[in-house]
Amino acid sequence: MSRRDDAGSVAVLVIGFFIVALTLVAVVVDASAAYLERQRLTALADSAAIAAADGVQGEQVYERGLPRPGRDSRVDIDPHAARSYVAAHLTATDAWREHPGLSWTVRSDGDAVVVELRAPFELPLGVPGVGDGTVTGRSSAVVVLD
């Protein structure tokens, strides 16, 4: 009975584990980069929503006066005014330089302004089978006068 040499089997196993380890590293790096980009867009959406709410609050107070204290102390937000404040904020912060291809929407749900920002995103390592995509950040703000 002859003995077979198993040296080649170990090399294939080591190469297989190496490929799996590299794939896992690429997935973690890509997921982390996408998460951080989403956090940056969400922070920008937060600041834009706050800028819109502050601007609308100022307009409301100066044009119509303060509402009576109590349940009606929330201010209705004009969507057109909110859009102009968000556009001014994004321009002032040079958001398009930081996030090329940035698009945004603003909607007003009565007393709340909702800002949604979208930007294309390229994965740093590009895991095979996972394409580049779009990252979205969303935030809202309300105006309550006390």
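Before moving on, here are some points about what is shown:
- Taken along the Cα-to-beta-carbon direction at a fixed 7 Å, the label points for PHE18 and ARG107 span 5.2 nm.
- Additional length obtainable on full extension of the chain from ALA43 to THR91, 0.36 nm per residue less Cα span: 15.7 nm
Bear in mind these aren't lab numbers, they're just calculated from the coordinates by the rules spelled out. Here the structure is a predicted model, which is why all the values come from computation and not from measurement. Because the Cβ atoms are built from the backbone with ideal geometry, glycine has one as well, and the counts that use them run over all protein chains shown.
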